[in-house]
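Coordinate-derived values only; no laboratory data. Bear in mind the structure is a predicted one, so any value in this text is a computation, not a measurement. In this analysis, Cβ positions are derived from the backbone assuming ideal geometry, glycine residues included, and neighbour counts consider all displayed protein chains.
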Amino acid sequence: MDQRNRTVWTAERLIEILRKLAEEQVLPKHLADASVSGSDTVETLGIDSIGAVEFIDQLEVEVGVMLPDDFLDFGDSIDSIAHRLNALKSEVTHG
């Protein structure tokens, strides 16, 4: 089993990815050091549609699989995204 399949997705892990993308100037700069919690949503973080695509692209790299087209919604919280990634991981490893 590869390392990606053993990753437990948490809000903290996703926030690390958001910060990395902000530092790379792919997402809004304020995310690099803003206070972000698991209850924050894609919309409240100020991520636009282009940023959402970039975030999904990075998640696909991290997860190692293509995510469904409807995986991310602007009303999704960081916690709910982590939950869905863990559910997807379970499907991939047991499916």
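Among the residues of segment 34-45, those identified as surrounded by fewer than 13 Cβ atoms within 10 Å (Cβ to Cβ) and within 14 Å of the chain's Cα centre (by Cα) are S37, S39.
Among the candidates L21, L31, L14, which residue alone is surrounded by 12 or more Cβ atoms within 10 Å (Cβ to Cβ), of a type in the set (A, V, I, L, M) and within 14 Å of L85 (Cα to Cα)? Quick ask: steps written out before the conclusion?
Values: L21 fails: within 14 Å of L85 (Cα to Cα); L31 fails: within 14 Å of L85 (Cα to Cα).
Criteria check complete, one pass: L14.
Which one is farthest from E12 (Cα to Cα) among residues in segment 85-94 that are surrounded by fewer than 16 Cβ atoms within 10 Å (Cβ to Cβ) and without any contact (Cβ under 8 Å) to a residue 60 or more places away in the chain? Let's see the steps before the verdict.
Applying the first criterion (surrounded by fewer than 16 Cβ atoms within 10 Å (Cβ to Cβ)) to segment 85-94 yields 86-87, 90-94.
Still in the list and also without any contact (Cβ under 8 Å) to a residue 60 or more places away in the chain: 87, 90-91, 94.
Details: A87: 17, S90: 19, E91: 22, H94: 25 Å.
Checking each candidate, the answer is H94.
The requirement of being in contact with a Pro (Cβ under 7 Å, 6 or more places away or on another chain) and farther than 13 Å from L85 by Cα is fulfilled somewhere in segment 34-46, by at least one residue.
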